[in-house]
Each structure stands twice: as structure tokens, then as C-alpha cells.
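A short write-up of the structure that comes next.
Read-outs: derived from the displayed coordinates by stated rules, not from any lab. Bear in mind the structure is a predicted one, so any value in this text is a computation, not a measurement. Here the Cβ is made from the backbone with ideal geometry for all residues, glycine too, and neighbour counts use every protein chain on show.
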Amino acid sequence: MTRNLVYILDQPGGRFTATEEILPPPGPGEILIRVRRTSVCQSDVVIYEAGLPRIRSWPAVILHEVSATVEAVGAGVTTFAPGDLVGLGCDIPCGDRACIYCGDHGSGDWTYCPHTQATGHEFPGFARTHAILPDWFVALGPIVRFDPGTDPDHACQLEPLACCLEGMTRVNHCIENRVVVLIGAGSQSTYALQCALAMGARKVILVNRGRERLERVLQDFGDERVVGVAWDDEVVKNVLAASRPFNEPHFVMINVPAEAGYRLATQLLGYGTVLDAHAGVKGAGGKPRIAHDVDLNNDIHYKLQCYQATHGSSMHGIGLAHAMINGRKLPLLDRMTNGTERFPHTQIREAISRAADKDSLKVIINWD
């Protein structure tokens, strides 16, 4: 039997209450994990402040970016063993092993499934010291084992990295030797910046309204290939100028959950540009409509423009992020979190509040 400490949020904007429960040993196909780190996503900030429709009942257990150590395995589990450090994704199978999207012989496109789940949403999150993962989760993913010696601080960032890499690899060769524009200088753009450089981008143009965070990201993660552009009245002209010798960027990723980001991105599209709507616009009331006219012939066909969106991650993105972390291909990952962005698990509310600050990148909660 395992004592499990769970922090339950009573309602949006409410209080976390610590409760204790006893977990049985894992059953056949299941594993028992001990949470090591949870990093705070902007979705967690929205959930705490306003809630989301996908959380169908309150109280709720939130947080979904997690690294953990396997403490015990059930009968029949051979892919994981006690002591393994694992990382988990947020988007998870629906649980139906026969599902054409999520199941044993499914496509793996979990976000297409009408019954898809996500940790910290329909599936309980990881604001808890321990969890038993069901057999379908263990068998189908998203869960990966890291090499010995991997930092749990790095492993808990698997999910946001996977989301970035889903969008950056959906169209072949849209990053390597290309001009990449990232709208917003928050955590997702900072992950995308690191990944783009690791993937061989020719130039990365980072656009942000606030000067303080833009300067932090440029100083900590930039090199001769990275250009910062202020988001002001001249932003379109300045981004296009920074794209030279090309007339326009090749890849544009929207990393701000606001209509203004979408409006800016569409003004930057040119010949062969791929636009990835990475940050959706949503809130407690749902997803607002943002209308935009597209010339399907002269833009989509003759300019070969591509409109796509990253919504969560599948095992494709999880596998790419795992390879990045395991292969130590992101040597500046520790700079995502400074001393003001680290909290013990007794301060979840304070951690979420810090993640909401305009100068914050990645807040990490330590459960050890």
C-alpha cells in the first residue's frame, strides 16, 4: 500500500486542499509512479483562473506536464521497471483498445478521437505524489523512459516540447535552412527557438510586445541566427526586412493565445509559407470565432501556402521530444527556469501565479 498526497482544487480561482489516500499495488498491466516534477503550462494558468469546458466537474486534480519515477509494476509489464525515470504527455488515448484512433491498431491520432482525454482535464492531473497508470495508458502511451542520469527537470518538459515539434515537423523540411518566425516570446516560442536552432534553421525571428521577456530570451537563448523584433506598428515591415535575402519567412508559428497573433501571422505569409497556429484562442466561455478570408486559388495553390494547427501531441511528437532530451540536443534547457520559478509542491497556487507573470518562462514544481 502507498500513501498518496493529492492536492484538489475546489473551483477556478479557488483553494488547493491536501488530502491523503491509500493506493493499492498496481494491477495487471498497470504501473505505480512517484511524481518528481510538474512544470506549469499556460493552460494550467487558464484552468486555475477561469476553468475550461473540458473539465466537466469540480473539484479537480490539475497539472499535466510531469516526470516521475516508476515505483512498482503490475503483472505482465515488461517495458518499464522500478527505478525508471519516465515522462508523460498530456493528450492520451480514450482508453478503448479497439478505437481506430487510440487503440492497439489505431492511427495514433488521439486528438482526432471524439472521446480523447487529456491529463489535468478529463483524466486526473498530477498534482499528487503518486499515481497508478491504467493498463491502456501503459501499453499505448504517451509514456517514455529516459536514460539513467537524465534530469527530472528536463524530463517534465517532454510535453511542451512534443507540442512544438508536432507543428515543426508536420510539413517536411520546413525548418532546416529556412527562416522561422515565432510570434510571442513565452515558453512555447522559447522551446520552438531551441528546437529550430537544433534542427538547422537559417534564421529565427522572435516577435514580442513586451521588451523585458524578449530581451531575456534573446540573451539566454539567442545566437547569431536569432533576431528580435518588437511587436509595434512597424512589425510587418521589420519582420519582412529581417527575412532577407528571402521576401518572406518560410515558417510562422503563432504562440500567443490572442486574435492579434493570428492577424499578424497572416500578414507575414508569402510564397511557400507554412503557418502553424500553435496557441489557440480559448477561455471559460469556449473558443471564439476568428474570421479570415483565404484565396484558395492564388494563395493556397499558386503560392503553395500551408495553414495548419498544433493541438496537443501524439506519440510522434513525444518521440521527437524524447530524442531531443535524451540526446542532450537542447543544452540551454536549464535556462527556461530561474530561481524565482522553482517551487515546492506545498506552493502550487504560488507557482501558478508566477507562471502567469509576463517575465516568466517555465515554472517547475518539485515533488521530491
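Brief remarks on what is shown
- Charge context of Ile290, other residues only, Cβ under 14 angstrom, K/R +1, D/E -1: +2
- Sites Arg342 and Met1 - FRET efficiency at Förster radius 51 Å, r taken between beta-carbons, to 0.05: 0.95
- Dipole orientation for the chain: of the candidates Gln188, Thr69, Gly222, Gly222 has the Cα lying most toward the positive pole (charges on Cβ; Lys, Arg +1; Asp, Glu -1).
- Among the listed pairs Lys303/Lys329; Lys282/Lys303; Lys287/Lys358; Lys282/Lys362, those beyond 32 Å (Cα-Cα): Lys303/Lys329
- Peptides 81-89, 336-344 ranked from most to least packed give 81-89, 336-344, packing being the mean of other C-beta atoms within 10 angstrom over each peptide's residues.
- Largest first, the extents of the alpha carbon coordinates of the stretch 326-365 on the three principal axes equal 33, 22, 13 Å.
- Exposure proxy shown here: for Trp231, Trp110, the number of other Cβ atoms within 10 Å sets the order, fewest to most, as Trp231, Trp110.
- Three-way shape call for the stretch 236-368 based on the alpha-carbon gyration tensor, with the a/c threshold at 1.5: prolate
- Whether the chain is rounded, prolate or oblate, judged on the alpha carbon gyration tensor where a/c under 1.5 counts as rounded: prolate
- Extended-chain gain in nm, criterion 0.36 nm per residue less alpha-carbon gap, Ala323 and Arg170: 53.4 nm
- Rough spin-label spacing in nm, given labels placed 7 Å along Cα→Cβ, for Ile290 and Gln267: 1.4 nm
- Net +/- balance of residues flanking Leu5 in space, Cβ distance below 12 Å, scoring K and R +1, D and E -1: +1
- With neighbour counts taken as other beta-carbon atoms within 10 Å, the residues Thr69, Thr78, Thr116, Thr17 rank, fewest first, as Thr78, Thr17, Thr69, Thr116.
- Within the chain, helix-based [θ] at 222 nm, where runs of 4 or more DSSP H residues each add -39,500 (n - 2.57), nearest 500: -7000 deg cm²/dmol
- Per-residue Cβ neighbour counts within 10 Å put Leu197, Leu161 in the sequence Leu197, Leu161, beginning with the fewest.
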